[in-house]
Amino acid sequence: MPTNQGDLNAPYALQTDRPSSMSAIKAVGLKKTYSTGGEEVEAVRGVDLDVQPGEIFGFLGPNGAGKSTTVRMLTTLMTLSAGTVHVGGVDVAADPHGARRKIGVALQEAGLDERQTSREILVLQARLFGMRPSEAGARAQELLELVDLTEAADRRVKGYSGGMKRRLDLASALVHEPEVLFLDEPTTGLDPGSRITVWDEVRRINSMGTTVFLTTQYLEEADQLCNRLAIIDSGLIIREGTPASLKAELRERTGLDTDPTLDDVFLDATGRTRDRVAGEVKEI
Amino acid sequence: MTATHQGTAGGGATESSNALRDSFILGGRAIREALRTPDSLFPTMFIPLFFLVVNVGQAAKIFPSEGTPFLFGQSYGAFQLPASLLLSASFGGAGLYLVEEIEGGYFDKLRATPISRMALVLGRLYAEFVKTAAVATVMVLLALAFGIRIKSGIPGFLVMVVMVSLWAMVFAGFMQLLALKTRSAAATQGGSMIFFPLLFLTPNFVPRDQLTRPMEIAATLNPVTYIMEGVRSLVLEGFNGAAIGKGFAVVGVTMVLMLALSIRMVNNYD
Ligand SMILES: Nc1ncnc2c1ncn2[C@@H]1O[C@H](COP(=O)(O)OP(=O)(O)OP(=O)(O)O)[C@@H](O)[C@H]1O
Ligand SMILES: [Mg+2]
């Protein structure tokens, strides 16, 4: 490969160019500043992400760390204050519709129209992705079976349990067989049984080739599901790696004689020791 | 990668035909929603009819059919009917439904689909058109039962319904704009109070030339006046090209303004 030795920028440019067309998600220098009532909040302060096709990538962080803000920027739902994002090789800012065809997203609040039935919601979603009525109907049926909602399919969503709503939200993110699926806290508020059901579904979806980017508060969830993860705090990524490598790093650095859990990694990274967390709770 | 390119600007004919198709899909859903909450249609029909009955009851004696030239030989109810139709057209719940959808997160789900931003705005407005057309038709049929006649006949009746229903889209569109801006039900509802006076700063009791001078000026500046006069001409006079033209011109200009502001708002929505 003939590279110009004198020009240091050339190989660098090649490197940043190539992963953006190969990576499932590639974010560089991502920032978001909210301005509310004259006050500026820097929710995300320079996040780089590189998620490979086929991965389940975990995005962890305490409340208010900037997880949802990041997801909203990655999924075209929010403008970027700075930085670039490519999903499936498509620049989300330059070609949002192109990106939307590659992206499936289930946000933190399962956004559903409670006056409709789950079948109607899925058919509508499929139609909006360009399917004909008959195709949309067939796809809806397929997805209802996938998330085990066939019995409730023709009941209005208003009466659904939290778990059912989550599963429907998940299904609606899948109508167009997205390359990359974004899940913002997919199991928050679910009982342990429903949580495991969602995990199984995420694994199944992933095994069919979909890249998954999920945020979570549950470290066990990240440990169980994710190939790789990043921990974000105050808008910056402070740890990144496989669950095993993060634990090993902590063990090495602190000279522990037992294996640390992901909880320990998280607490260490976010500067919250167990003592301090206990203390904070006491103060309340 | 042709699919990728469809979404970008300059898609031309396919882009706008897709926008129309998606608006109909979303509109169909909004109509279904209205049918499932029929009580929301109740005030749309009965408050205007209530005002019609009350206003006619109070003023019909002052304005007898014979001896009141502006009635063109009809009863005072015929003169009041257009005001009632316009009142009914301004009960559209599109703004409030949209706030609910924003708060619940479903609006984000729709925004994450590759549909034209125009369709996001037009979907509910299309439903508003259909609802208003249905309600207006029922109101006119009731009026016919009480002896009111549409001078311009069935074609005029259709023109009337179209004008009123298009105005309902414009009005509901401005409510949606408030919803997008404030994202709060209280503010959207409160905001509609700003538009409400427009309905009454009109020649709704007597023709414009018989209003007091300040009211006449207000009514002349108020775009709703021209829609009311357009509809009224169809009821009382037959086809009056100038009146109908002005009515549609107002609807057209305000529609374009509302759509342009809405698209800008949706594109910059965070
Ligand atoms: N619309 C907004 N306007 C102003 N500030 C916001 C807005 N949305 C989020 N923020 C702020 O940005 C920061 C990051 O919020 P974000 O919702 O991204 O956090 P998160 O990691 O998803 O938290 P959680 O775990 O509670 O969901 C917080 O300080 C939050 O208060
Ligand atoms: Mg969040």
Mean Cβ neighbour count within 10 Å, used as a protection proxy, ranking A:57-66, A:29-38, B:255-264 highest first: A:57-66, B:255-264, A:29-38
Correct semi-axes for segment A:129-282, from √(5λ) of the alpha-carbon gyration tensor and rounded to whole Å with the largest first, are 37, 18, 13
Computed from the beta carbon distance with a Förster radius of 51 Å, FRET efficiency for B:Val138 and A:Asp148 to the nearest 0.05 stands at 0.70
GNM on chain A, C-alpha springs below 10 Å: top fluctuator among A:Gly162, A:Gly189, A:Gly235? A:Gly189
Net charge near A:Gly162 (other residues with Cβ under 14 Å of its Cβ; Lys, Arg +1; Asp, Glu -1) is 0
Which whole number gives the average count of other chain Cβ atoms within 10 Å of the Cβ atoms across peptide A:67-80? 2
From the P(r) of segment B:71-143, could you give the percentage of C-alpha pairs in the tail past 14 Å? 69 percent
In peptide A:105-112, how many Cβ atoms from other protein chains are near each Cβ within 10 Å, on average? 5
With N denoting the number of residues in segment A:71-153, provide Rg(C-alpha) divided by 2.2 N^0.38 Å, to two decimal places. 1.28
Over all directions, average the projected area of the Cα convex hull of the protein assembly as shown and note it in nm². 34.4 nm²
Between B:Lys61 and B:Leu35, take the C-beta separation as r, use R0 = 51 Å, and let me know the FRET efficiency to the nearest 0.05. 0.80
Straight distance only, please: which lysines reach the Cα of B:Lys61 with their own Cα at less than 26 Å, same-chain residues fewer than 8 apart left out? B:Lys151
Can you give the three extents of the C-alpha atoms in segment A:26-127 along their principal axes, from longest to shortest, in whole Å? 40, 35, 26
Could you order peptides A:147-154, A:256-263, B:169-176, B:102-109 by the average number of other Cβ atoms within 10 Å of their residues, highest first? B:169-176, B:102-109, A:147-154, A:256-263
Rounded to 0.05, the calculated FRET efficiency for the beta carbons of A:Gln141 and B:Phe239 at R₀ = 41 Å is 0.20
Would you mind giving the mean number of other chain beta-carbons within 10 Å of the Cβ of each residue in A:166-179, as a whole number? 1
Nearest 10 degrees is fine. How inclined is helix B:94-104 to the longest principal axis of chain B, computing both from alpha carbons? 30 degrees
Order by protection proxy (mean Cβ within 10 Å, highest first), peptides B:195-201, B:65-71, B:132-138, B:85-91: B:85-91, B:132-138, B:195-201, B:65-71
What number of lysine-lysine pairs in segment A:25-277 show an alpha-carbon separation below 29 angstrom, given a sequence spacing of 8 or more or placement on distinct chains? 13
Net charge within 12 Å of B:Ser262 by Cβ-Cβ distance, Lys/Arg positive one each and Asp/Glu negative one each, not counting B:Ser262 itself? +4
Assuming 0.36 nm per residue, please report the length gained on full extension of the stretch A:Asp200 to A:Ile238 beyond their Cα-Cα distance. 10.8 nm
Per q in 0.23, 0.25 1/Å, what log10 I(q)/I(0) does a Debye calculation on the alpha-carbon atoms of segment B:126-214 return? -1.14, -1.18
Chain lengthening between A:Glu114 and A:Glu252 when straightened (0.36 nm per residue, less Cα-Cα): 44.6 nm
Mind pulling up the Rg/Rh value for segment B:170-222? Radius of gyration and Kirkwood radius, both on Cα. 1.15
Helix B:42-59 versus the longest principal axis of chain B: what is the Cα-based angle in degrees, 0 to 90, to the nearest 10? 20 degrees
Convex hull volume per residue in cubic angstrom - Cα atoms of chain B: 139 Å³
Rank the residues A:Val175, B:Val130 as a footprinting-exposure proxy: fewest other Cβ atoms within 10 Å of their Cβ go first. B:Val130, A:Val175
Cα convex hull of segment A:60-203: mean projected area in nm², to one decimal? 9.2 nm²
Surrounding charge for A:Thr36, neighbours by C-beta under 13 angstrom, Lys/Arg +1, Asp/Glu -1, total -2
Distribution of pairwise C-alpha distances over chain A, 5 Å bins, in %: 1, 5, 11, 14, 16, 16, 13, 10, 6, 4, 2, 1, 0, 0
Expressed as a whole-number percentage, the relative contact order of chain A with C-alpha contacts under 8 angstrom and at least six residues apart is 21 percent
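Read-outs throughout are calculated quantities, based only on the coordinates presented, and are distinct from any laboratory measurement. Small disclaimer: the values here were computed from a predicted structure and weren't measured. Virtual Cβ from ideal backbone geometry, glycine too; neighbours counted across all protein chains shown.
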